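Read the structure below first, then the notes.
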Amino acid sequence: MFRNIVLKTLYDRRRSLLFWCIGFILMGAILLAFFPVIRDAPFISEYLESFPEEFLALFAGEVTDYTSPEGYLNGELFFLMYPLLLLVFAVGFGSGAIAGEEEKGTLDLLLSNPLNRWRVVLEKYIGMIICTLILIIVFWATLAIGGAIIDMGLNLARLAAVCFSGFLLAIAFGSVALTIGCARGKTGVAMGVGGALGVYAYMLNALAPLIGWLEPFQVASPFYYYIEANPLSNGLDPVHAGVLIGLSIVFLVIAIVTFERRDLAV
Amino acid sequence: MTENNIVIHIEGLTKLYGKQRGVLDIDLDIARGEVFGYLGPNGVGKTTTIRTLLHFLFPTRGRATIFGLDIAQHSLETRRRIGYLPGELETYNNLTGSELLEFMSHLRGGVDWQYVRELAGRFDYDLDMKIKSLSHGNRQKVGLIQAFMNKPELLILDEPTIGLDPLMQQEFYRIVDEIKSEGRTVFLSSHIMPEVERVCDRVGIIREGRLIAVEDVDVLKARAIRRLEIHFESPVSPEEFSNISGVRDVEVHENRLTCTVAGEIDTLIKAAAQHHVTNVISHEPSMEEIFLTYYNREGDNVS
C-alpha cells in the first residue's frame, strides 16, 4: 500500500472516494427511479416546452424529447449535475495534490527522499486519474444496472462514452487546479480559481447559443468539447476528446515546470 | 581539511526573501566524521540554510556542494546520501509509524528493518500507533528514526531534540556519538548551548542571517561566560573571589555568592572549597550571553 506515491495517494483518498461513490450511486439511482414516471407522462414534454428556452438552456441544454432515455439523462444528468459534481471532485483532488502537502508541512519530508519534483507531481496526477476513473466506472455501472432494471434500453458503450467524456472534462479542470496549487502552494486559491473557472466555462457553454455576440466564444469552453457532440447518442467524438486531453497535458506540463522552479514554503 | 575530506562546502551562500530575512554570505566547510552544530536563536536563518542544502530553496547567490557534488545539479544524488529531519516536523498523521517508515523506505529502495526496530526500541517508540494520536515528542522520534534508518553518510537534523524528554535526548546524543564513531557526518541546528557542547565538535554561530563565528566547542566553552551562585554555610567576603582571573560581577549577600566566570572555573571552585559549601548553582549561558561574548571580543580587537 505504501510502495509508491500513487498507492499512498489512493490509500489517503480511500474514505473520501468511498463516500463520493456512494453519493454518485444514490444520484444515479434516484434519477433512474423517476424515469418510468416521466416516460409514462407525455405531458411533461409539453410542460417543459412552456418554459423559456433560455431557462432550459441554462440547466438542461437543448432539450429534445425529454421522455426518451437519452433525452432524459442528458437533460437531467449529463448536462449539469454530472459534470459539475465530477469537476468538484477533480478540482478538490488537484488543488490539494501538492499545495495540500506544502500547507501541512509534509512536503519537506517527502522531498528529502531522492525523488525528482516532477515525479511527485506525476504520481499524484496518476492518483487523481485513477480515483476519478473509479468514480465514473462506479457511476456507469450504477446507470447500466439501474437502466436494465427499469428497461431503459441504454446503449452501454454510448453510456460509457458520455461518462468518459465527463471524466476528461473533470481531469482538465483538475489539471488547472493542480497547476495553480503547484505554482502558488495554496489549496484554497487553487480550489477557488479552479472551481470558478469551471462554473464560468459551464455558463459560457450553456448560454452562448442564446446570446448572439457570445456564440463564437462557445468553443472556448471545455464544456463544449464534453457534451456538444452528444456522446450519449453518438459516442465519443475523437477531436473533442482530444481537445480535453490536450488541455490536461498542457496544464500538467505547466504544473511541473513551475513546481520545479520555485522555492518550497515551510 | 583536505579537499576530498570535505562533506559540505558552502560558498558565499545568500538567500534573500522579499521582506523576510534570509541568510547572507555563508561560507562553511564541514569535514567527514565531524559533528557540526549550527547554533542560533529561532528565526535567524538556520532552517533557511538547511533547506537550501536540500534544494527546497534556491539560493539568491553563492553555491554549495555536498560530497563534492553541486547541490543544484546533483540534488537527487546528494539527497540519496542524506538523512534529513525537518525542523517543526510534520508527518502523515493518518499513518502509523511503521506505515510511514515503510513508505519512506520504499522511496529510498528499502531499509534494514532490524535496525528500524532497534532504533524504535532505543527511543521507546511504538511503531503501531497512529501518528495522529502521538505527543509532540513521540512524533519527533519517528522523524529521527526515518532520518537514521538508512544509515546515511550525512545527517542533516534541524532542531533534533525539540520535544524530546531528557532521557530521550541522552539517547539521541549516544546515537550521534555512534554515528560519529562510524566516521559519518552530522550537521545539526540547535538553539541550546549545552546540547551543542555535549554532542558537537565544532559550532557555527549564526545571528541575523550571518555566520558570525565558527569555533571548536572546546574554544567556545573556554570563552563562555557562566553565571555561578555558590552557597556557603557561613558568610564569606567578596575580596576572596573578586581577584581571581576571569571572575567578575562578584556580589555577596550574607553566605550567598553570585558572580560571572569567563572560561575556567577551576580556581574559583578551589577558592570556594576553602569554605563549607552547601550548594552550587550554575546557570548555562543564554544565546544572548554567548553573542555578547563574541561582540565583546570584537570590541576588544578594535580597541
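Would you check which residues across the stretch B:49-79 are hydroxyl-bearing (Ser, Thr, Tyr) and either more than 13 Å from chain A (Cβ to nearest Cβ) or under 19 Å from B:Ala147 (Cβ atoms) (or both) and list them?
Correct list: B:Thr49, B:Thr52, B:Thr65, B:Ser75, B:Thr78.
Which one of these is closer than 26 Å to A:Arg14 by Cα and surrounded by fewer than 17 Cβ atoms within 10 Å (Cβ to Cβ): B:Lys132, B:Lys151?
B:Lys132
Of all the residues that make up the stretch B:170-211, how many are outside any helix (DSSP H, G or I), at pLDDT below 90 and not charged (D, E, K, R)?
So the count comes out to 2.
Residue check: is B:Asp25 more than 12 Å from chain A (Cβ to nearest Cβ) and at positive phi?
Here the answer is yes, as B:Asp25 does meet what is asked.
So A:Val266 passes all but one of these: (1) within 27 Å of A:Lys186 (Cβ to Cβ); (2) surrounded by 19 or more Cβ atoms within 10 Å (Cβ to Cβ). Which condition number does it fail?
Result: A:Val266 passes all but (2).
How many residues are within 14 Å of chain B (Cβ to nearest Cβ) and of a type outside the set (Ser, Thr, Tyr) if we restrict to the stretch A:223-266?
8
Among the numbered conditions (1) under 30 Å from B:Ile30 (Cβ atoms); (2) surrounded by 13 or more Cβ atoms within 10 Å (Cβ to Cβ), tell me where B:Asp216 comes up short.
Unmet condition: (2).
Quick check, is B:Leu127 modelled with pLDDT of 95 or more, touching a helix residue (DSSP H, G or I) at 6+ places or on another chain (Cβ under 9 Å), closer than 14 Å to B:Ser98 by Cβ and surrounded by 14 or more Cβ atoms within 10 Å (Cβ to Cβ)?
For B:Leu127, the condition - modelled with pLDDT of 95 or more, touching a helix residue (DSSP H, G or I) at 6+ places or on another chain (Cβ under 9 Å), closer than 14 Å to B:Ser98 by Cβ and surrounded by 14 or more Cβ atoms within 10 Å (Cβ to Cβ) - is met.
Just checking, how many residues over the stretch B:132-154 are farther than 23 Å from B:Ile82 by Cβ, touching a helix residue (DSSP H, G or I) at 6+ places or on another chain (Cβ under 8 Å) and either within 13 Å of chain A (Cβ to nearest Cβ) or not in a helix (DSSP H, G or I) (or both)?
Of the residues in the stretch B:132-154, 1 are farther than 23 Å from B:Ile82 by Cβ, touching a helix residue (DSSP H, G or I) at 6+ places or on another chain (Cβ under 8 Å) and either within 13 Å of chain A (Cβ to nearest Cβ) or not in a helix (DSSP H, G or I) (or both).
Answer yes or no: is there a residue in the stretch A:82-101 that is within 14 Å of chain B (Cβ to nearest Cβ), buried (at least 17 other Cβ atoms within 10 Å of the Cβ) and charged (D, E, K, R).
yes
Results for (1) in contact (Cβ under 8 Å) with a residue 60 or more places away in the chain; (2) more than 14 Å from every other protein chain (Cβ to nearest Cβ); (3) surrounded by fewer than 12 Cβ atoms within 10 Å (Cβ to Cβ); (4) among the hydrophobic types (A, V, I, L, M, F, W, C), shown as yes or no for each residue.
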site: A:Thr9; (1), (2), (3), (4): yes, no, no, no
site: A:Cys21; (1), (2), (3), (4): yes, yes, no, yes
site: A:Gly28; (1), (2), (3), (4): yes, yes, no, no
site: A:Phe43; (1), (2), (3), (4): no, yes, yes, yes
site: A:Glu49; (1), (2), (3), (4): no, yes, yes, no
site: A:Phe55; (1), (2), (3), (4): no, yes, yes, yes
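This table checks each residue for (1) more than 30 Å from B:Leu127 (Cβ to Cβ); (2) free of Cβ contacts under 8 Å to residues at least 60 places away in the same chain; (3) of a type outside the set (A, V, I, L, M).
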site	(1), (2), (3)
B:Thr49	yes, no, yes
B:Arg61	yes, yes, yes
B:Gly68	yes, no, yes
B:Arg80	no, yes, yes
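With the requirement that a residue be without any contact (Cβ under 8 Å) to a residue 40 or more places away in the chain and in a loop (DSSP other than H, G, I, E, B), what does the stretch B:118-131 give you?
B:Tyr125, B:Asp126, B:Leu127, B:Asp128, B:Met129, listed by residue number.
Can you pull out the residues in the stretch B:22-55 that are farther than 19 Å from B:Met193 by Cβ and surrounded by fewer than 15 Cβ atoms within 10 Å (Cβ to Cβ)?
B:Asp25, B:Asp27
Only residues that are hydroxyl-bearing (Ser, Thr, Tyr) and either surrounded by fewer than 18 Cβ atoms within 10 Å (Cβ to Cβ) or touching a Phe, Trp or Tyr at 6+ places or on another chain (Cβ under 8 Å) (or both): list them for the stretch A:184-230, please.
The answer is A:Tyr200, A:Tyr202, A:Ser221.
The values are calculated or read from the model by the stated rules, or taken from the named source; none is laboratory data. Just so we're clear, the structure is a prediction, and the values are computed from it rather than from any experiment. Virtual Cβ from ideal backbone geometry, glycine too; neighbours counted across all protein chains shown.
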